[in-house]
Amino acid sequence: MTQFKYGTVEIAHLKACDPTLGGAIDRIGWIEREMRPAVFPALVHSWVSQQISNAAAATVWRRLIARVGEEQREERIPERLRQFL
């Protein structure tokens, strides 16, 4: 899985914009966040994860990927939903 890339410049910007967030960044430290480069799978994964617990979401996600595959072409997205990409 691809990691979301950021550096000291981005951290400094966030800290300068929001002192509360800056304090949280100082307490928590560096976060490595996986990201999904394809838009539609990222959207579906985000939606599933918000609906249920992390453990259940992981199970649902594995089952979905087993059924339809990881890489989804955007042309398979219904036209009425493409406006949200």
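Read the figures in this text as sums done on the coordinates, not as results from a lab. Quantities reported herein were computed from a predicted structural model and do not represent experimental measurements. Cβ coordinates were reconstructed from backbone atoms using ideal geometry, including for glycine residues, and neighbour counts include every protein chain displayed.
Starting from the range 7-70, pick out the chymotrypsin sites (Phe, Trp or Tyr not before Pro) whose DSSP state is loop and whose Cβ has at most 15 other Cβ atoms within 10 Å. Display every interim value, and only then the final one.
Working: sites: Trp30, Trp47, Trp61; in loops: Trp30.
Passing both the DSSP loop test and the Cβ count: Trp30.
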So how far apart, in nm, are the two label points at Lys5 and Asp18 if each is 7 Å from Cα heading toward Cβ? 2.4 nm
